1. With a Förster radius of 25 Å, plug the Cβ-Cβ distance of residue 100 and residue 48 into 1/(1 + (r/R0)^6) and report the FRET value to the nearest 0.05.
2. Treating the beta-carbon of each Lys and Arg as +1 and of each Asp and Glu as -1, no other charges, what is the dipole magnitude of the stretch 28-116 about its Cα centre, to the nearest 20 debye?
Amino acid sequence: MSETMRPSFPTRSAGRGWWKAPLISSLVCMALLPLAMVLRGFAEMATDPCNGAGSCPATYAQLHFADGALLAVKVLLALQWPAAYLLPKARVAISLAPAAALVVAVFSMLTLRPGA
């Protein structure tokens with residue numbers, strides 16, 4: 001009865017260095033995210049001429065899209081760590097997802113037309 005208890009469920013081995021791709025992605029995105037948030041503030045100022053109700057619906061829709069993309073960056077940054085550990089074959093693609101969402105958000109803000 002002195003046997004060691006072993007878990008009955010299978011364990012995964014993530015391998016050595018599984019954390020490198022999410023770490024690089026996190027460092028790059030966390031460095032660029034404050035700049036994107038400042039750009040988001042400048043994009044809001046582009047809507048100053050849109051003071052009437054419903055005067056620039058496309059502009060506001062684009063700003064809401066940028067807000068959603070920035071939120072997606074934050075969510076993907078948090079979810080990439082367990083996903084990179086559990087899915088070793090998709091590790092690089094998973095780690096590129098937050099950066100891709102950040103590029104989409106910045107592109108959305110840079111293509112914003114000034115209000116008319």
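Read-outs: derived from the displayed coordinates by stated rules, not from any lab. Just so we're clear, the structure is a prediction, and the values are computed from it rather than from any experiment. Using ideal geometry, Cβ is built from the backbone for each residue, glycine included, and neighbour counts are taken over all protein chains shown.
1. The calculated FRET efficiency here is 0.25.
2. Working: 5 positive and 3 negative charges, 74 e Å.
So the dipole magnitude of the stretch 28-116 works out to roughly 360 debye.
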